Amino acid sequence: MKHAPETAFILAAGLGTRMRPLTDDRPKSLVEVAGKTLLDHMLDRLKAAGAKRFVVNVHYFADRLEAHLKTRADLDIIISDERAALLETGGGLKKARALLGDDPIWVANTDSVWTGDDDALDRLAAAWQPDEMAACLLLAHMAQTTGFDGAGDFFMAAKGALAFRGDAPAAPLNYMGVHITHPSIVDHESEAAFSLAKIWRRIAPQGRLHGVVMHGDWMHVGDPAARDAAEARLTGR
């Protein structure tokens, strides 16, 4: 049974330091790849997967980001204002908590594009089991990843449960920036600024962190060189 969330939380508040000079006058989410901003790539993916309501956090060049979002008349968009302080992924979700409701939500970074698997988000939604999972992550194979500098994030068990790489020299799977979770996952966190990965490390040994592996090629667009590589890949140039 498919449990596709109707609300999405978009993480768009980061400084985009590694993306300079492209972020000297805009947030990273408004950097363009193949004629479309990174933000719009993700909004369009989530809209196609069934999202109807979008909460977007803003901090760096917040006014410009809000102005861009107003051009998306096709979407129901609410702003979570983080101008006062950067809160990281978990803190951002906690700040937006009252805007998100209590049903499961999509959570998405904007520095992620991919090719070859247009059904990835549908399969993530189909795998999501809200009574059994605290979070379900979309993953990419290391061999089908560009722009990612790590040694892999996760190992996956037969039924999709995830384990962190830990002390292993490498792991075969990367988190690629989109997951489904209960917004209440942050309700008992006392810090203002914290990473969702902190919670994932706590719930993974409990068997409550699961994943789905995408079939396509994932591009992490974190710096200008990665942006150029993603542009070439998406445009065939």
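Need one word for segment 159-237: rounded, prolate or oblate. Basis is the Cα gyration tensor (sqrt eigenvalues a ≥ b ≥ c); a/c below 1.5 gives rounded, then a/b vs b/c decides. The shape class here is prolate. Measuring nothing but alpha carbons in segment 1-107 and taking Rh as the Kirkwood radius, the Rg to Rh ratio lands at 0.96.
Where only DSSP H runs of four or more residues are counted, the chain gives -7000 deg cm²/dmol as its mean residue ellipticity at 222 nm, each run worth -39500 (n - 2.57).
Test of understanding: what is the full-extension gain from Lys47 to Ser184, defined as 0.36 nm times their sequence separation minus their Cα-Cα distance?
Numbers: separation 137, 0.36 × 137 = 49.32 nm, distance 2.28 nm.
Roughly 47.0 nm would be gained on extension.
Around the Cα centre of the chain, unit charges on the Cβ atoms of Lys, Arg, Asp and Glu (plus for the first two, minus for the last two) sum to a dipole of about 120 debye.
Computed on segment 105-237, the Cα convex hull volume stands at 122 Å³ per residue.
Suppose R0 equals 25 Å. What FRET efficiency, 1/(1 + (r/R0)^6) with r the Cβ-Cβ distance, do His215 and Ala98 give to the nearest 0.05? About 0.10, to the nearest 0.05. With the convex hull drawn around the C-alpha atoms of the chain, the volume per residue stands at 125 Å³.
Among the listed pairs Lys95/Lys159; Lys36/Lys70; Lys28/Lys159; Lys28/Lys70; Lys28/Lys95; Lys28/Lys198, a Cα-Cα separation exceeding 27 Å is found for Lys95/Lys159; Lys28/Lys159. Between Ala197 and Ala34, the simple label model (points 7 Å from Cα in the Cβ direction) yields a spacing of 2.7 nm. Spin-label pair Ala67-Asp118: with each label point 7 Å from Cα along the Cα-Cβ axis, the two points sit 3.4 nm from one another.
Read the figures in this text as sums done on the coordinates, not as results from a lab. All values derive from a computational prediction rather than experimental measurement. When we count neighbours, we look across all protein chains shown, and the Cβ atoms used for this are built from the backbone with ideal geometry, even at glycine.
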